[in-house]
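Nothing in this text is a laboratory measurement; each read-out follows from the coordinates by a stated rule. Keep in mind the model is a prediction, meaning the values are calculated, not measured. Reconstructed Cβ throughout: ideal geometry from the backbone, glycine too, with neighbour counts over all protein chains shown.
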Amino acid sequence: MEGLSAYHLVIGASDVIIFSYLFGIISRKTNIPSVLMLLALGYGTQLVFNISPTKVDWLFPLEILGIIGLILIILEAALDLELRSSKIKLIRVSTIIALISLFGNTFFLAAGIKYFIGNMDWITAIVYAIPLSITSSAIVIPSVIHLENEKKEFLIYESTISDILGIMFF
């Protein structure tokens, strides 16, 4: 990390943007979410260049990057949504589905974690299960491009609400 300069940071940021664009094109043809390809690229980069999150933490805390990423994903979803009084039923149904999905999945995953790990209290198992229970808008939003508008809108509302409820629950 000693040889890291502003040029390296700019080139790295440019590479991420170019790969994101290319993965977007590939995603449309293969229906594999571009977010998953970017995650694989990041993991591969970590292995090839022997970078650990603790080595990068001085540059920009990873928690801040995660929060910024989540905000950008939710804002991207919001661009596709229309908030009108005629959509109240759709929002209500998607909120109910997000709640049932979040709490149901959390309970079953916590039970599985508690069963397989053994001597773990319920609170710890629930804390571990919550992030796995959230229907991630980062995966859902890029995946619903080809659906009809009503289904697309429902899934975007549901995943966005699931993200928000999951963060509040966690």
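A few points about this structure:
- Tensor-based shape of segment 85-169 (alpha-carbon gyration tensor, a/c under 1.5 rounded, otherwise prolate or oblate): prolate
- Protection proxy ranking, peptides 152-165, 24-37, 97-110, average beta carbon neighbours within 10 Å, highest first: 152-165, 97-110, 24-37
- Under 23 Å from the Cα of residue 29 - lysines, other chains or at least 8 residues apart: 151, 152
- Length-normalised contact order for segment 85-169 - Cα pairs under 8 Å, 6+ apart - percent: 39
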